[in-house]
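These notes are about the structure you will find just below.
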Amino acid sequence: MKSRVSNSLTIDAFEARAVDIDKVELEQLHALSIGVGWPHRAEDWQFLRDVGHGIVAHDEIGRVLGSAMWFPHGSDFATVGMVITSPRLQALGTAQWLMKRAFSECKGRNLRLNATRAARKLYLSLGFRSESTVFQRQGEARRSGETPDPLAGADLRRLGDADLGAVTGLDARAFGASRVKLLTALLDQSVGFGLYRDGRLEAFALCRPFGRGHLVGPVVASNDKDAIVVAAPHVAAHEGEFLRVDTHLAEGEFCTFVASSGLALFDTVTTMSLGGTFLNPNDRSGGMPVTYALASQALG
């Protein structure tokens, strides 16, 4: 049974109410993210609505004051993202109210999110714990040298619909939860490269339009060399254009490759969890697949 959270909140001299995000004009959501300096296009918002759920805080005259979204994966896990309010409204409790509304919809699920510095205190107060840092790297892409060839016995090729099962299976092992719905939608919007050995997918990287240009992610591999092989074609394809990679990795060959490809550190956020444990992507000693780059900060 869902816990009861009020459907309205009094803020200053006006009342806000919770509205399903699908009932809000796309232009209003776009204006909300622009207002806090986030790069999301209207198309990015629509994609998130297609693969997830959310609510907005609406005032009496229809203005959007804040948002919160959640993205279920399987029966017991979800990521939370697009939690946006102005600093003034956050201080008045709007973000906490939105999060509690999201909690009531996600009851029974372990949760993971990526917190900005401004929001970290809020999430700590709600019981989340810090797990890892996400390094947001972006800039004008450039080739860092010759595109690396796959190691002997490996076959690098473009991904298509027939690869969906292999992609979702490898991603689930790295991410810790099955994301079939999300990856189906991502493959439809992305260019993808996969690395096969003996007919088995061992690494992949997707790239799609996002924000100011393109975003590479998710990238999944069991070692740095394979991660570089599947990501390098995207860097080459967007040479001279804006490119972004969000990664938990703090060091190693993949990080060196990303930096030498013109993607400088722009910002950091903190991955936080509630309920479950987070897979440590910096532990690459066991030969298991690792999420080298996120699908996005909202999606994980």
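The values are calculated or read from the model by the stated rules, or taken from the named source; none is laboratory data. Here the structure is a predicted model, which is why all the values come from computation and not from measurement. Here the Cβ positions follow ideal geometry from the backbone for every residue, glycine too, while neighbour counts run over all protein chains shown.
Before moving on, here are some points about what is shown:
- Tally of residues being touching a His at 6+ places or on another chain (Cβ under 8 Å) and more than 21 Å from Tyr196 (Cα to Cα) across segment 212-256: 7
- Flag for Arg208 being within 25 Å of Gly37 (Cβ to Cβ), charged (D, E, K, R) and either assigned to a helix (DSSP H, G or I) or touching a Phe, Trp or Tyr at 6+ places or on another chain (Cβ under 9 Å) (or both): yes
- Taken over segment 253-278, the criterion of being of a type in the set (Phe, Trp, Tyr) and more than 26 Å from His234 (Cα to Cα) is satisfied by Phe278 alone.
- Selection status of Ala221, under 13 Å from Pro289 (Cα atoms) and either aliphatic (A, V, I, L, M) or not assigned by TED's automatic domain parsing to the domain that holds Leu151 (or both): yes
- Among the residues listed as Val220, Val245, Val230, Val269, the single one being within 20 Å of the chain's Cα centre (by Cα) and assigned to a helix (DSSP H, G or I): Val230
Matching residues to (1) at pLDDT 95 or above; (2) outside the structural domain of Val245 (by TED's automatic domain parsing); (3) surrounded by 14 or more Cβ atoms within 10 Å (Cβ to Cβ); (4) in a loop (DSSP other than H, G, I, E, B):
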{"position": "Lys121", "(1), (2), (3), (4)": "no, yes, no, no"}
{"position": "Gly127", "(1), (2), (3), (4)": "no, yes, no, yes"}
{"position": "Glu131", "(1), (2), (3), (4)": "no, yes, yes, no"}
{"position": "Thr147", "(1), (2), (3), (4)": "no, no, no, yes"}
{"position": "Ala166", "(1), (2), (3), (4)": "yes, no, yes, no"}
{"position": "Leu170", "(1), (2), (3), (4)": "yes, no, yes, no"}
{"position": "Arg173", "(1), (2), (3), (4)": "no, no, yes, no"}
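- Single residue of Gly275, Gly240, Gly300, Gly286 found to be outside the structural domain of Arg41 (by TED's automatic domain parsing) and at pLDDT 95 or above: Gly240
- One residue from Glu202, Glu239 being crowded, with 19+ Cβ neighbours inside 10 Å and either more than 30 Å from Arg49 (Cβ to Cβ) or touching a Lys or Arg at 6+ places or on another chain (Cβ under 6 Å) (or both): Glu202
- Here is the figure for segment 53-81: residues that are within 21 Å of Val269 (Cα to Cα) and assigned to a loop (DSSP other than H, G, I, E, B) total 0.
- Qualifying residue in segment 188-208 (condition: without any contact (Cβ under 8 Å) to a residue 12 or more places away in the chain and either more than 14 Å from the chain's Cα centre (by Cα) or farther than 15 Å from Met288 by Cβ (or both)): yes
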